[in-house]
Amino acid sequence: AAQAQAAFRAVILGAPGSGKGTVSNRIAKLFGVCHISTGDRLRYHIAKQTDLGKQVKEYLDSGKLVPDDAMMKFVSQEIKLSKGQNWLLDGFPRTVPQAEMLDSVHPPSLVINLTVPDAVILERVKNRWIHVPSGRVYNIGFSDPKVPGKDDVTGEPLTKRRDDQPEIVQRRLHEYEEKTRPVIDYYDERGLLKDFAGVSTDELWPQIQKCLHALI
Ligand code: G5P
Ligand code: MG
């Protein structure tokens, strides 16, 4: 079992707000894999005003994808840092060149794809609150913080994501259709894609768990 576990390299795909972060956290907890969310890491860099943060801020704020060069450099470093650990990449790859780059470094053994209707997504992001330093995410009525407006662990204030404004969510959904849809086909052609469709994470989770148990 230890051998099989050492080979776990997975990618989670899905439109903005489809639940990638939520599902990834559950997988990380249950299977002890290293969850690498490119969006969370980039938001952290923006908050800390690092060089990378300054470089990518405009893209995240406006709901556009960060250029491939910068993303690939960043992710290959993150993968190196997680040396030897099992990982789950959330939010990468989002373009075919990114998928090709990942194949050249470390091909994934599984790609989970979440399919959630746009109308459900638009409702969800309205109610999302986040804790930037940790990447913890809350949703009013689904995963409420214990104290309204405060992070459960640190008690620090929660914030809204700038890119969760309705017009920017629309732009992100558009970017997804145009640039990330081909990534789904890319993995499907290689026989790596497992698709999970539904309107709630709790409905998809047992199916995802079953699929992972069969592999790990
Ligand atoms: P991100 O950060 O990767 P997105 O747009 O791909 O952003 P996002 O918004 O983080 O994805 P998610 O992780 O798929 O969504 O979803 P989530 O956070 O788990 O769930 C959404 C909300 O719904 C949460 O509040 C959650 O609690 C709630 N929720 C979950 N399930 C349910 C449910 O069943 N019911 C209810 N009611 N609520 C639920 O990328 C951001 C930006 O970073 C850059 C780009 O600029 C991008 O726009 N970027 C990249 N650019 C280029 N290449 C890359 N590889 C990049 N990666 C990041
Ligand atoms: Mg996310």
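The values are calculated or read from the model by the stated rules, or taken from the named source; none is laboratory data. Because the structure is predicted, anything quoted here is derived from the model rather than measured. Reconstructed Cβ throughout: ideal geometry from the backbone, glycine too, with neighbour counts over all protein chains shown. Heads up: the accessible areas ignore ligands, DNA and RNA and are worked out on the full protein's heavy atoms, side chains in. Shrake-Rupley method; radii C 1.70, N 1.55, O 1.52, S 1.80 Å.
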Order TRP205, TRP87, TRP129, most accessible first, counting only protein heavy atoms with a 1.4 angstrom probe.
-> TRP129, TRP205, TRP87
With only Lys, Arg, Asp and Glu charged, each at its Cβ (+1 for the first two, -1 for the last two), find how big the charge dipole of segment 55-110 is about the Cα centre; round to the nearest 20 debye.
-> 160
Going by a ≥ b ≥ c, the root eigenvalues of the Cα gyration tensor, does segment 1-131 fall in the rounded group (a/c under 1.5), the prolate group (a/b larger than b/c) or the oblate group?
-> oblate
Of the options ALA10, HIS174, VAL132, report the single residue whose Cα projects farthest towards the positive end of the charge dipole of the chain (beta-carbon charges: Lys, Arg +1; Asp, Glu -1).
-> VAL132
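Please state the shape class of segment 130-216: rounded when a/c is under 1.5, otherwise prolate if a/b exceeds b/c and oblate if not, all from the C-alpha gyration tensor.
On the way: a/c = 2.51, a/b = 1.43, b/c = 1.76.
Oblate, because a/c is 1.5 or more while a/b does not exceed b/c.
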Can you tell which of ASP188, ASP202, ASP61 shows the greatest fluctuation in a Gaussian network model of the chain with Cα springs below 10 Å?
-> ASP202
Given a 1.4 Å probe and every protein chain left where it sits, what share in percent of the accessible area of the chain is carbon and sulfur?
-> 54
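Please tell me the relative contact order of the chain in percent, rounded to the nearest whole number, where contacts are Cα pairs under 8 Å and at least six residues apart. Don't skip to the end; give the middle numbers.
Details: 288 pairs, mean separation 64.7, N = 216.
Result for the chain is 30 percent.
Taking every DSSP beta bridge that has both residues in the chain, what percent is antiparallel when rounded to the nearest 5?
Values: 7 of 25 bridges.
Roughly 30 percent of the DSSP beta bridges within the chain come out antiparallel.
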With label points built 7 Å along Cα→Cβ from the Cα atoms of ASP144 and LYS210, find their separation and express it in nm.
-> 3.2
At the level of C-alpha centres, the distance separating segment 177-197 and segment 119-140, in angstrom, is 25
Keeping all protein chains in place, calculate the accessible area per residue for the chain (probe 1.4 angstrom), answer in Å².
-> 52
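Just how large is the dipole of the chain about the Cα centre, in debye to the nearest 20, putting +1 at every Lys and Arg Cβ and -1 at every Asp and Glu Cβ? Each step should come with its number before you reach the end.
Working: 30 positive and 28 negative charges, 130 e Å.
About 620 debye.
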Model label zone, GLU178; criterion: amide N under 13 Å from point 7 Å along Cα-to-beta-carbon; scope segment 39-67 = 63-66
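If the limit is 20 Å between Cα atoms, which of LYS20/LYS48; LYS20/LYS210; LYS57/LYS146; LYS48/LYS80; LYS80/LYS160; LYS83/LYS179 go over it?
Numbers: LYS20/LYS48 24 Å; LYS20/LYS210 17 Å; LYS57/LYS146 30 Å; LYS48/LYS80 22 Å; LYS80/LYS160 31 Å; LYS83/LYS179 29 Å.
Long pairs (Cα-Cα over 20 Å): LYS20/LYS48; LYS57/LYS146; LYS48/LYS80; LYS80/LYS160; LYS83/LYS179.
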Positive end of the charge dipole of segment 49-98 (Lys, Arg +1 and Asp, Glu -1 on Cβ, about the Cα centre): tell me which of THR95, GLY63, ILE79 has its Cα farthest that way.
-> ILE79
